[in-house]
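Okay, structure first, notes after.
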Amino acid sequence: MKAIVYRKNGPPDVLTCEEIEKPVPSDQEVLIKVHAAAVNPLDVHMLKGGPFIFRLLFGRAKLKRPGVDCAGVVATVGPAVKKFKAGDAVFGNCRGAFAEYALAPESKLAPKPENVAFEDAAACPVAALTALQGLRKHGRIQAGQNVLINGASGGVGTFAVQLAKIFGAHVTAVCSARNADLVRSLGADRVIEYAQEDFATGAARYDLILDLAGNHPFSVCQGVLTPHGIHVGAGVLAGQKSLFAMFGGLIGTLLRSRFSSQKFVVFMAKVNREDLTFVAELVANGKLKPVIDKKYTLVEAPEAMRYQGTWHARGKLVIGLDA
Ligand SMILES: NC(=O)c1ccc[n+]([C@@H]2O[C@H](COP(=O)([O-])OP(=O)(O)OC[C@H]3O[C@@H](n4cnc5c(N)ncnc54)[C@H](OP(=O)(O)O)[C@@H]3O)[C@@H](O)[C@H]2O)c1
């Protein structure tokens, strides 16, 4: 099968498209014939191999296959798989999504609704679930709340704006001027162009800040949080801070939050069937629309990774494979 691979960490130039063995599913794994895959900042971090924490978590590159988000059709299943069979259309989290076939644990997949395109389904797993879990689980979003999304026009942000509206919040979206109309079209009630105005010095107060840019520390955001407001940190702009400064700052922030009625939460999204199904139903009903900035072919994956690494994608970047 054709797959995008790399043997050493580095920029997207180290990626090649090669013919490799089709993988075989273990007990609880599903082999998916990939129809579409999506790119995430995580793929760029893993490819680079640094910072140290990523090398520690994911190891140094030997023969590695990028991509964790995919949608496709089940080719074969491991002997213990119960929920899926060959021929089922699925989407979710897998290993090596930028390939003709990819393996996924059964627990990280959900059925793809018939009326949802493979490309739209592939755009959802990491980004939509980060937005969902950041708002609902960690941010405890309630109808009528004043919610700010910092980094509203990227992969996660475009889902977060729509989901916050679905949950009945009043949404302020922070993005660049070129994306103001996009986030408004997704339902944002108010847009702050970050080059013109700093949300952290404004008069508005927020019950929940979902921070995908990480360029305003909790201590600064406290000034614009309501007395019991929550600041959910999900992302940091690349190159913004050294890892040492980031973790040092994080410990101080968590301590500060512990002794305040205002809370800071940092989290890693967990892909699971229940949340995938929740998102799939919203997409199928037309209530949630994946925003796809650009579509690429498999051999164009390095270009997609290069664009993802600019931190200025408008929504998701999707790699389509011939069905
Ligand atoms: N915790 C988790 O589990 C988890 C999961 C997924 C992603 N993440 C992290 O969350 C972050 C966002 O992910 P993503 O997939 O949405 O990334 P993305 O698609 O690259 O989007 C990044 C967005 O940041 C915006 N941005 C750039 N500079 C900004 C600034 N100064 N102020 C506000 N916004 C700014 C850009 O908007 P403009 O082009 O309009 O400037 C862009 O749309 C990344 O750091 C990623 O690593 C975390």
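The values are calculated or read from the model by the stated rules, or taken from the named source; none is laboratory data. Source: prediction; values computed, not measured. For neighbour counting, all protein chains shown are included, and Cβ atoms are generated from backbone atoms with ideal geometry for every residue, glycine included.
Assorted remarks:
For (1) modelled with pLDDT of 95 or more; (2) among the aliphatic types (A, V, I, L, M); (3) within 13 Å of GLY96 (Cα to Cα), each residue gets a yes or a no:
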site	(1), (2), (3)
ILE4	yes, yes, yes
ARG7	no, no, no
GLY10	no, no, no
LYS33	yes, no, yes
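- Filter result for LEU250 (modelled with pLDDT under 95, out of contact with any Leu (no Cβ under 7 Å at 6 or more places or on another chain) and aliphatic (A, V, I, L, M)): yes
- The strands (runs of 3 or more DSSP E) found wholly in segment 103-200 and carrying at least 3 residues that are in contact with a Lys or Arg (Cβ under 8 Å, 6 or more places away or on another chain) and buried (at least 24 other Cβ atoms within 10 Å of the Cβ) occupy 170-175.
- Residue within segment 278-291 that is more than 24 Å from VAL14 (Cα to Cα), more than 15 Å from the ligand (Cβ to nearest atom), of a type in the set (A, V, I, L, M) and not in a helix (DSSP H, G or I) present: yes
- Meets criteria (under 23 Å from LEU132 (Cβ atoms), within 19 Å of the chain's Cα centre (by Cα) and without any contact (Cβ under 8 Å) to a residue 40 or more places away in the chain) for GLY233: yes
- Qualifying residue in segment 88-103 (condition: out of contact with any Phe, Trp or Tyr (no Cβ under 9 Å at 6 or more places or on another chain), free of Cβ contacts under 8 Å to residues at least 24 places away in the same chain and farther than 20 Å from PRO41 by Cβ): yes
- Complete set of residues in segment 292-318 that are more than 12 Å from the ligand (Cβ to nearest atom) and touching a Gly at 6+ places or on another chain (Cβ under 6 Å): LYS295
- Condition met for LEU321 (within 11 Å of the ligand (Cβ to nearest atom) and of a type in the set (A, V, I, L, M)): no
- Near pairs, Cβ below 7 angstrom, 6+ apart or cross-chain, from segment 300-323 (among the aromatic types (Phe, Trp, Tyr) and modelled with pLDDT of 95 or more) to any residue that is within 15 Å of the ligand (Cβ to nearest atom) and assigned to a loop (DSSP other than H, G, I, E, B): TYR307/ALA313
- Qualifying residue in segment 126-145 (condition: within 26 Å of ASP293 (Cα to Cα), of a type in the set (Val, Ile, Thr), near the ligand (Cβ under 9 Å from one of its atoms) and in contact with an Asp or Glu (Cβ under 8 Å, 6 or more places away or on another chain)): yes
- Conditions (1) surrounded by fewer than 16 Cβ atoms within 10 Å (Cβ to Cβ); (2) within 19 Å of ASP43 (Cβ to Cβ); (3) touching a strand residue (DSSP E or B) at 6+ places or on another chain (Cβ under 8 Å); number of the one not met by LEU254: (2)
- Complete set of residues in segment 294-313 that are touching a strand residue (DSSP E or B) at 6+ places or on another chain (Cβ under 6 Å) and over 20 Å from ALA99 (Cβ atoms): ALA313
- If the condition is being surrounded by 22 or more Cβ atoms within 10 Å (Cβ to Cβ) and assigned to a helix (DSSP H, G or I), then segment 15-45 contributes only ASP43.
- Filtering segment 201-215 to residues that are surrounded by 21 or more Cβ atoms within 10 Å (Cβ to Cβ) and part of a loop (DSSP other than H, G, I, E, B) leaves LEU212, ALA213.
- Residue in segment 84-92 that is in the same structural domain as ASP43 (by TED's automatic domain parsing), surrounded by 19 or more Cβ atoms within 10 Å (Cβ to Cβ) and closer than 28 Å to GLY233 by Cβ present: yes
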